[in-house]
Amino acid sequence: MTFPKHTVEKIGGTSMSRLDELRDTLLIGDRKGADLYHRIFVVSAFGGITNLLLEHKKSGEPGVYELFADDDNAHGWHDALTRVAEAMTKAHERVLEHPGDIAQAGEFVRERIEGARSCLIDLQRLCSYGHFRLSDHMAVTRELLSGLGEAHSAFVTVLLLQRAGVNGRFIDLSGWRDESELSLNERIGAGFAEVDLSSELPIVTGYAQCTEGLMREYDRGYSEVTFSNIAAYTGAEEAIIHKEFHLSSADPKLVGEEAVRKLGHTNYDVADQLSNLGMEAIHPNAAKILRKAGIPLRVTNAFDPRDPGTLIDEDAAEAPAVEIVTGLDVTALELFEQDMVGVKGYDAKVLELLTRHKVRIVSKATNANTITHYLDASRKALRRVERDLSAQFPNAEVKLHRLALVSAIGRSLEGLHSAERGLRALREAGVAPKAVQHVPGSVDLQFLVAEDQRDQAIKVLHGAFVEGAGRATKLAA
């Protein structure tokens, strides 16, 4: 199946909570007639809904899924699911105006929430028999719950568009009450089988039920994977992610609105480094799909639709430059073994252990008798790693140190003397790096600093590399 020229665009959850504003800017704005179409929108749940359904992404506070998994309180997950329904209702009542639309959205919430409740009750009853284990079904349960949020927000968006005279079309990829087992591409193909992009504006759920199991593979990054696969399947001219801010040279809240610069243009190598440091322009697996399909990605400010945003493609830089400075708190896991030198296998065993405990490696360094991994993981997971490493290497010394990794990133850093400049700027500002790492030809330069000096180091390096060396000491003050 071929599609006319079009874009595939994604809206995140925080932006979705301002859907009425998006209607008047991004979704409709001053567009009329055919200009309204030739676009596909993939939407996340309204802000906060997925946290209530699963668990809070930052605090870890349990949602329906966690409460159902633990089931310490028979009423815990029931009450949590009721709170989800209330939050969904508040979300669509904030953006819908017509009583008929509000009634339709309310009925949609009731049908989905009570359907999910009945499903979970039946599952609990089934698992009360000794032959069935609830743990065997938790991955599917997580998928079921996560799809509720996106289905709701997509349905509400279509109501809003249709009320404004736009031919919006709800495409539900969540597999609700669908007994068929489809791969992701088959699910997308079925959803778009009868879509006319020249006269319909598809609003698609960010979650897609499929045999691959998006939650199992990508967890909370699933919506961007759905988005990129839709772009690849339909042969989009461009993939666009709409955020609440421009992709900038640093966090404007940290270095100041007047100091940051919009990137404007960068490439997928830089996007990968940003993902590695937790500052995702796009999920790395989603970027890989777009890169292989030859589709450029654009990151825009959803509430500044006239600005073209930042284009991410395969192009090299016209001139060497640091484009962005960012940082991440990490734990340095240091394994020291005096007899390591000349002996093979230490590194492989450490990597196997980190993989087993699902610990994310941000960076690493080695010498004759020390292997250091800079990790992004919970303290609980790190203590398990420390315990198992000590058991595996009883003669080794294992240490954990809290640090911050601050990185200066650019498509090309050749000839900038960036390590020398960065060290000088940090020294003059009173920041003492614990280590510096720069692989020749790479797109990032890493400074390891004390955890409480992360923000200061970002300000200093942004001043030195982006704003001009003369501001470094002033920013640090």
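The values are calculated or read from the model by the stated rules, or taken from the named source; none is laboratory data. Bear in mind that the values here come from a model prediction, so they are computed numbers and not experimental data. All Cβ positions, even for glycine, are placed from backbone atoms using ideal geometry, and neighbour counts span all protein chains on display. Areas reflect the complete protein model, heavy atoms only, side chains present, ligands, DNA and RNA absent. Shrake-Rupley method; radii C 1.70, N 1.55, O 1.52, S 1.80 Å.
Among the candidates VAL406, VAL398, the residue that is among the hydrophobic types (A, V, I, L, M, F, W, C), in a strand (DSSP E or B), under 19 Å from ALA332 (Cα atoms) and in contact with a Gly (Cβ under 7 Å, 6 or more places away or on another chain) is uniquely VAL406.
Of the numbered criteria (1) touching a Pro at 6+ places or on another chain (Cβ under 8 Å); (2) over 30 Å from PRO308 (Cβ atoms), the one ALA116 fails is (1). Is there any pair with a first residue in segment 189-201 that is at pLDDT 95 or above and a second that is among the charged types (D, E, K, R) whose Cβ atoms are under 6 Å apart and which are 6 or more apart or on different chains, and what are they? Going by the 6 Å Cβ cut-off, the qualifying pairs are GLU200/ARG169.
Evaluated against (1) within 22 Å of GLU244 (Cα to Cα); (2) open to solvent by less than 20 Å² (accessible area, probe 1.4 Å), ILE295 falls short on exactly one condition, (1). The criterion of at least 3 residues that are under 29 Å from LEU184 (Cα atoms) and in contact with a helix residue (DSSP H, G or I) (Cβ under 7 Å, 6 or more places away or on another chain) is met by the following helices (runs of 4 or more DSSP H) wholly inside segment 222-330: 222-234, 268-276, 284-293. The set of residues in segment 62-110 that are within 14 Å of HIS152 (Cα to Cα), of a type in the set (S, T, N, Q) and open to solvent by less than 60 Å² (accessible area, probe 1.4 Å) contains only THR89. The residues of segment 111-141 that are under 17 Å from HIS75 (Cβ atoms), of a type in the set (Lys, Arg) and open to solvent by less than 60 Å² (accessible area, probe 1.4 Å) amount to a single one, ARG117. Which residue out of LYS399, LYS380, LYS434 is free of Cβ contacts under 8 Å to residues at least 24 places away in the same chain, within 31 Å of the chain's Cα centre (by Cα) and under 30 Å from GLY60 (Cβ atoms)? Selected residue: LYS380, the only one of LYS399, LYS380, LYS434 that is free of Cβ contacts under 8 Å to residues at least 24 places away in the same chain, within 31 Å of the chain's Cα centre (by Cα) and under 30 Å from GLY60 (Cβ atoms). No other residue among LYS32, LYS10, LYS5, LYS57 is charged (D, E, K, R), modelled with pLDDT of 95 or more, under 28 Å from PHE245 (Cα atoms) and open to solvent by 30 Å² or more (accessible area, probe 1.4 Å) apart from LYS5. Here is a check on your reading of the model: is GLU200 acidic (Asp, Glu), under 18 Å from ILE40 (Cα atoms), surrounded by fewer than 21 Cβ atoms within 10 Å (Cβ to Cβ) and out of contact with any strand residue (DSSP E or B) (no Cβ under 6 Å at 6 or more places or on another chain)? So GLU200 does not fit the description; no.
Keeping to segment 35-54, report how many residues are part of a loop (DSSP other than H, G, I, E, B), open to solvent by less than 10 Å² (accessible area, probe 1.4 Å) and not aromatic (Phe, Trp, Tyr). Final tally of qualifying residues: 2. On the stretch given as segment 298-328, residues that are of a type in the set (Gly, Ala, Ser), over 19 Å from ARG411 (Cβ atoms) and open to solvent by 50 Å² or more (accessible area, probe 1.4 Å) total 0.
Residues checked against (1) farther than 22 Å from ARG298 by Cα; (2) not aliphatic (A, V, I, L, M):
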| site | (1), (2) |
| --- | --- |
| GLY13 | no, yes |
| LEU36 | no, no |
| THR50 | yes, yes |
| LEU54 | yes, no |
| LYS58 | yes, yes |
| GLU61 | yes, yes |
| TRP77 | yes, yes |
| ARG83 | yes, yes |
| LEU96 | yes, no |
